[in-house]
Ligand SMILES: *Cc1c(COP(=O)(O)O)cnc(C)c1O
């Protein structure tokens, strides 16, 4: 790649363009410059790892690509010379083909693999509409379609030559791949192949929406078709390429391909592989299984029973008849094998693929994959000792922990350029490809460094405050503490507990029973799944609290609450750079890893959190004394469930906060939302133990609030968090996947 050539081309054509035209121009120039690299990636002949994922939450690509190509600053200057503000590109839509952490993880891994030259190939669905756009009307969430291709998709190439027919129960579709170039730091590339469904109306529906409504059989069949559609396309393509090279002897297949299943959504790939080999390549069932067992690896992302994919057997057969028969056959093989090995009926029942009338996809994955990994230490322990304990006793070597990571290019370099520049000034810019170097910052620990950190944070907060004023119409004080909780809205993540803590603090401020409170802005960013009633109820509740507090002249100089609209990757970049406090407050044992926790720590936010997911590993490195830890440990949870929720209402302010859910303090507009929340806490046993943890949470929150006043000592905590974040680079995660699971050995662009 020649930087100057790119800049020259841009210089000659950028003048007078609006955001969209400029975007297309820049993208076109970059894309053209990398034709050779793309072809090389495609033609690569060594072993490759295929990352199968229903979600790739890529975010806005243009600025990140310029950054990774090392020309962001030059392009900014060049555009400025031509009277163009590069920030204009913020009008370009995010590519939001994912929901949250799991999809963003896939995107970070591609960034890292491209940077490291690891031959990782993304495979997913090119949804016509990505994750919905969120609006609030009167505090109620409204979901609008996300037309992410509105301004084109200039980093992708349609590959009609690679289209393939996919047949499913009751129809067929043409799968047409679009190859998106993922630019790694320094200009190496990876390919993200997104399959688009074409054909009749039924066929097109397959790639229309991310997570269609699955409350009806029709919706569930569509969802199964989606999962099968891209899995089968990826498998078909791999098998075609392989047989073109090696013919029908599949012995070497595992030396050429490994498939990483990002959660169970692509598990149909295993069944499809067996189907193809037995039906079309004349392999015996056991031979096909033996090969399959060497090339599939599974990442588990959740231990919550309702989030583990299970399919009603007749429905599965209807959608995918051939695969249903294979799943049943595998189930019989499993029973025979495990009976021989001496497992009890009870043990076998726990690991069976078929559980009564349901296919259990995680059990299928665990049985057939040579590797099963959790995404943080505690999570891997839980899957080994609880969820998949039987298999773990039989083959412990199958289980691996690979703690999630994030790419420092986007989450520090792009999101927080001032902090990035300061770090570079101190320790050089090696951190961009070796985040462990951050530990060298410790040598620069000094009051002067803390002052500078505070300045950088203050400037980021000012920028965010201006953005929030423009976008949300709410004025927030950039001098106040920015306390940030940003993540999908889910009961286990306990945004409700945060809301109740704020309400409690509000009542105490009103009563003057809480003096000496440092002004704080509580920021929420979250989308609730359209069909998730209680999550939407919590959004409305937070909006009601925000409206009350922000309009109350007695306290609104001390406390403000903002629920930002349409939280996505681009908003996240602004929020993480400006956060003082990172809320990571899931009930211990429920958050598999989290990656938001890493982004915030890397940007110098201090964690207010529970010992859960990767937060445990963050604290291990950054020090408990530099963060605010509270609440139940995972090992305490079972015991805590024995205490009735009402036993936690002794504090009058907490009692009043809970009462405000039913006593008419707030209106849910007759939706029944607040009663529903109240029932969750009081009548339904408070599944996520909000009330058990609330008091200790408020204690920790108020402690952080007091300690913030000592600006130097608080900045020292932030500093220690930054200096300890090296481990959480997705470069480290991807290297671990490669060394421990994929074994791709030869790297693109090297040797
Ligand atoms: C990182 C990220 C997430 C995941 O956040 P968690 O706090 O780990 O749940 C979700 N959404 C977006 C847009 C992100 O960037």
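The values are calculated or read from the model by the stated rules, or taken from the named source; none is laboratory data. From a predicted model like this one, the values you see are computed outputs, not experimental measurements. Here the Cβ positions follow ideal geometry from the backbone for every residue, glycine too, while neighbour counts run over all protein chains shown.
I'm checking my understanding of the structure. Among residues of the range 42-58 that are within 15 Å of the ligand (Cβ to nearest atom) and not in a loop (DSSP other than H, G, I, E, B), which one is surrounded by the most Cβ atoms within 10 Å (Cβ to Cβ)?
56
Pairs needed: first member in the range 99-114, in contact (Cβ under 8 Å) with a residue 40 or more places away in the chain and over 21 Å from residue 185 (Cβ atoms); second member anywhere, within 13 Å of the ligand (Cβ to nearest atom) and in a helix (DSSP H, G or I); C-beta distance under 9 Å; at least 6 residues apart or different chains.
Final answer for the pair search is 100/596; 101/596.
Kindly check whether there is at least one residue in the range 132-140 that is in a helix (DSSP H, G or I) and more than 15 Å from the ligand (Cβ to nearest atom).
no
Only one of 625, 554 is surrounded by fewer than 23 Cβ atoms within 10 Å (Cβ to Cβ) and outside any helix (DSSP H, G or I); which?
After applying the criteria, what remains is 554.
If we keep just the residues of the range 579-622 that are part of a helix (DSSP H, G or I) and within 11 Å of the ligand (Cβ to nearest atom), which is nearest to the chain's Cα centre (by Cα)?
So, considering only residues that are part of a helix (DSSP H, G or I) and within 11 Å of the ligand (Cβ to nearest atom), the one nearest to the chain's Cα centre (by Cα) is 596.
When you scan the range 226-246, do you find a residue that is surrounded by fewer than 24 Cβ atoms within 10 Å (Cβ to Cβ) and farther than 27 Å from residue 289 by Cβ, even just one?
No, the range 226-246 has no match at all.
For the range 84-99: of the residues being crowded, with 22+ Cβ neighbours inside 10 Å and over 30 Å from residue 12 (Cβ atoms), which is farthest from the ligand (Cβ to nearest atom)?
So, considering only residues that are crowded, with 22+ Cβ neighbours inside 10 Å and over 30 Å from residue 12 (Cβ atoms), the one farthest from the ligand (Cβ to nearest atom) is 97.
Which residue out of 365, 376, 290, 325 is free of Cβ contacts under 8 Å to residues at least 12 places away in the same chain, under 30 Å from residue 109 (Cβ atoms) and out of contact with any helix residue (DSSP H, G or I) (no Cβ under 6 Å at 6 or more places or on another chain)?
The unique qualifying residue is 290.
So is residue 70 over 30 Å from residue 324 (Cα atoms), away from the ligand (no atom under 16 Å from the Cβ) and in contact (Cβ under 8 Å) with a residue 40 or more places away in the chain or not?
yes
Considering only residues that are outside any helix (DSSP H, G or I) and closer than 25 Å to residue 260 by Cβ, which ones fall in the range 317-353?
Of everything in the range 317-353, those that are outside any helix (DSSP H, G or I) and closer than 25 Å to residue 260 by Cβ turn out to be 320, 352, 353.
Only one residue in 61, 39 is buried (at least 22 other Cβ atoms within 10 Å of the Cβ) and within 30 Å of residue 737 (Cα to Cα). Which one?
61
Could you run through the range 552-578 and say how many residues are in contact with a strand residue (DSSP E or B) (Cβ under 7 Å, 6 or more places away or on another chain) and either within 16 Å of the ligand (Cβ to nearest atom) or modelled with pLDDT under 95 (or both)?
Result for the range 552-578: 12.
Just one of 173, 113, 197 is more than 16 Å from the ligand (Cβ to nearest atom), within 19 Å of residue 261 (Cβ to Cβ), at pLDDT 95 or above and touching a helix residue (DSSP H, G or I) at 6+ places or on another chain (Cβ under 8 Å); which is it?
Exactly one of 173, 113, 197 is more than 16 Å from the ligand (Cβ to nearest atom), within 19 Å of residue 261 (Cβ to Cβ), at pLDDT 95 or above and touching a helix residue (DSSP H, G or I) at 6+ places or on another chain (Cβ under 8 Å), namely 113.
Given (1) within 16 Å of the ligand (Cβ to nearest atom); (2) outside any helix (DSSP H, G or I), identify the lone condition not met by residue 643.
(1)
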